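The structure appears below as structure tokens.
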Amino acid sequence: MSFDPQSLRYNEDGLIPAIAQDRASGEVLMMAWMNAESVARSLETGRVTYWSRSRQAFWVKGESSGHSQILVDFRYDCDRDCVLVVVDQTGPACHTNRRSCFYTAVRAGEVVELMAPEQS
């Protein structure tokens, strides 16, 4: 059975949340948005492509920063309204130059920074 990106359930803006997970470590790297075309482009090219809401344009991860995501596996959840892209990540995934966007935690009521930015 072939996959149709239109079979996913997009929100009223035509977007679906996409969670990027590192293949080697299993670490959750980031969350961004995709539309049906960015899903199709990611599957066709093997380079993860998101939809930038602020720029209203496609965004190939790493195109300008060099911190690319190569698609290893594309999965979607039981409701078809969220996707998981398992990737080989080159460099930091976060625009703050951290490995993961999820670098802040709340522990015992206090905000804790879990990782510092990587040095360039």
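None of the figures in this text is laboratory data; all of them are computed from the coordinates on show. Owing to the predicted nature of the structure, the values given are computational and were not obtained by experimental measurement. Every residue, glycine among them, receives a Cβ derived from its backbone with ideal geometry; neighbour counts consider all protein chains shown.
Kindly provide the helix-only [θ] at 222 nm of the chain, computed as the sum of -39,500 (n - 2.57) over DSSP H runs of four or more divided by all residues, to the nearest 500 deg cm²/dmol?
For the chain, the value works out to -2500 deg cm²/dmol.
Would you mind telling me which residue in S25, S52, S38 has the biggest mean-square fluctuation in a Gaussian network model of the chain, where springs connect alpha carbons within a distance under 10 angstrom?
With Cα springs under 10 Å in the chain, the top fluctuation among S25, S52, S38 is at S25.
Report the label-to-label distance for V60 and M115 in nanometres (one decimal), using points 7 Å from each Cα along the Cα→Cβ vector.
2.5
Using label points projected 7 Å from each Cα along Cα→Cβ, tell me how many nm separate T96 and R47, to one decimal.
2.7
Taking amide H positions as placed 1.01 Å from N in the peptide plane, with prolines and chain starts having none, which residues 5 or more places from V72, or on another chain, fall under 5 Å of its amide H?
The answer is V86, V87, D88.
Which of the cysteines found in the chain have nothing to pair with, since no other Cys Cβ lies under 4.7 Å from theirs?
C78, C82
Considering only V60, V86, V48, give the residue with the highest GNM mean-square fluctuation for the chain, with springs between Cα atoms whenever their separation is below 10 Å.
V60
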